[in-house]
Every structure is written in structure tokens, then in C-alpha cells.
Amino acid sequence: MRLASLVIATLALLALAPAPALAATGSGLKVVMRIPGPDGGWDYASFDAARRRVYVAHGNVVLAVNADTEKLNPAFAAGDGLHEVLPIPGSSEILTTNSGDDTAKILRASNGSLIAALPVAADADAATYDPATGLAVVVNGAPGLLTLVDVPARKVVGTIKVDGRLEFAATDGKGRLYVNVVDKGQVAVVNLKARKVTGYYAMKGCGRPTGLAYVLGGRLVSSCASGVAMILDAATGRQIAALKIGGFPDAVLYDPVRRLAMIPTALDGRLNVIALSGPHDNTIIDRVPTQIGARTGAVDPKTGRVWLPTATYNLPVPPGQRPTTKPGTFRILVLDRR
């Protein structure tokens, strides 16, 4: 996967480095369960509130976990180089991104069966849904494109060119989209209604921004592979805070009920929990031990449970080779407050 080579290359040297001291008030979260799954790589996880499911993009299959029974369906749907599983709000469908065959696939949420496979540009990676336009937005990382998908119409309705290599995107729900530009340390601002880029926010000190979330108070939380969480004013790009986290995150999980942003960091095996209770309250309140390699995940806003896919890597990695995981070690970690 995208970050794995960088993570494992420095893992043996840095994994045991001491974590920064915890704040006085913790989150209460801890690992309470490890759900085993099939071998293979993984990318993003997502939560389907309507169906109470956790989805994991896992190689060429979508894993689905019943959030209430913890039962895993190891082959809910087929894919090809899966990166994102996006539930479409108010519908009975989900969308997946597939870099193997350069498609966005529309599936039935009831059973994972295929409705349509839409050709998109190369490197189909993250995806998000914008309620203001009713469009799903697929991030095509390497070519720097956003592909706009009209899911009910089963068709691609346009693209938007962004300057740079792209990673994750987030919307404010009003037609404004933000996307991390990996190679420039920026956030691009996009007007989805006008279908154009309107500006770029610089993030000084942020190397390789990956995960991104639009959160309470009109803020953006961006996770940087260099070990920083950047918090910006979404309207102006003004830097509100730069918080030290572990290395190589790949997602920002947002819990709007408890007003928390959570960033899993692969290098030190921690979940960095950021309090967002007010517009100026941006404080790391906990760094929960998880497992080295856990870098993406999903949160259940109803219960506050957090779900993190990971596996045990084979170390050391021979020079010039891709990292591999040990057979039988893939798990979905479940974090709870009980």
C-alpha cells in the first residue's frame, strides 16, 4: 500500500521510541477485541450508519463487519485493487474505488452485488460524498484529478484538475471540497458546484499530508506522514494548531457526537485523540496503544467505538523489496470505553 514501504523502512529503528507524554484527561478508549480476517493488504475503512456495518477495502474484496455482533463477512463484495468503500447516504448503494481496473463500482448495499462499473482515471483512491451536489467524488491520486460520479444516474459527470499528487478529500457539506496535495504539503480548495479549484492552503511543517477531516467549528484536521497533525481554519487556511503525533498516519477519523478527531499512526502503534469541544480547543487528550501498522480506521458515532485494520509485518524488509505481512495475522482492532 501507499505508506507501507515508508513505514517499514524505518519501523525497526523507530517503533520502540517513547511516545510523547499523555495529557491529563484521557479518552477512555482501549483495545477490547481483535477480529481475525483473511490475509492481504488493506486501505481505508468506513462506517455505514444506516446498516450498522464497518467496511474495509482489503485487496480485491470488501470485508464487512456487523458493528453490533462483531461478525465478519470476509467476502462481502468483489473489487480490483480496492481503496475506498463509500456508503451513499439516503440510498441502498455503496461505491468502491478500484485502482486495479481504474473503476468506481456501484454496489447494492444489501448484498454487495455489482450494479455498474464506471471507468475513471488512473490511481482511483479515496472517495467522499457531497450532499450539496449529490455527487460522489473519487480522488485519482497520481494524475491529480477529482472524478465526479452521479450515483443514481450511474455515470461519471465530470472531472476537476488539481495541481499535484492527491490523497484524501473532505467536504463541508455545502459544495466546498478540500483535498490534501501530498507532494506540495497543501490543501486544495474546490468549488464543486462551479467545478473548479479556488485556492490552496499551505501547511508549513507538514510533510506528505494524508488523512483529512472537516470538523466542528469549520476546521480542517490533516494528518502528516512527517508526524504532525495540522488544524486549519477551513474558510481562510489560517493555521490554528500543529500537534505532534507519531509517524505515518493515513486517516483522520471524526466522531461528531463526542467532538473528537482521531489519527492512527502506524509507526508507533498509537491512536492520537484530539479534543474539538470548541473552536479554539484543539488538544491531544490521549495516545491509545493500538498496534504497529494500524494507520486507517472508522468510528461508530452511535457508540464511539473505533475500528482499525492492521497486521504483523515481516521484519526486516530486504532493500528494494515491498513489505509483506505474516500469514494469519490480519486483525480488525476494536477500541471501546468499557
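The values are calculated or read from the model by the stated rules, or taken from the named source; none is laboratory data. Just so it is clear, the structure is predicted and the values come from calculations on it, not from any experiment. Methodologically, a virtual Cβ is constructed for each residue, glycine included, from the backbone with ideal geometry; neighbour enumeration extends over all protein chains shown.
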request  = Give me the pairs, please: first residue somewhere in the stretch 191-207 and farther than 17 Å from A170 by Cβ and without any contact (Cβ under 8 Å) to a residue 60 or more places away in the chain, second residue anywhere and outside any loop (DSSP other than H, G, I, E, B) and of a type in the set (S, T, Y), beta-carbon distance under 9 Å, and either six or more positions apart or on two chains.
outcome  = R195/T159
note = Filtering the stretch 107-142 for residues that are surrounded by fewer than 20 Cβ atoms within 10 Å (Cβ to Cβ) and over 20 Å from G79 (Cβ atoms) leaves a count of 4
ask   = Is there a residue in the stretch 181-189 that is among the small types (G, A, S), over 19 Å from V299 (Cβ atoms), assigned to a loop (DSSP other than H, G, I, E, B) and under 19 Å from the mean Cα position of the chain (by Cα)?
value = yes
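Looking at the structure I just gave you, is A229 within 19 Å of E167 (Cα to Cα) and at pLDDT 95 or above?
Yes; evaluated as a whole, the condition is true for this residue.
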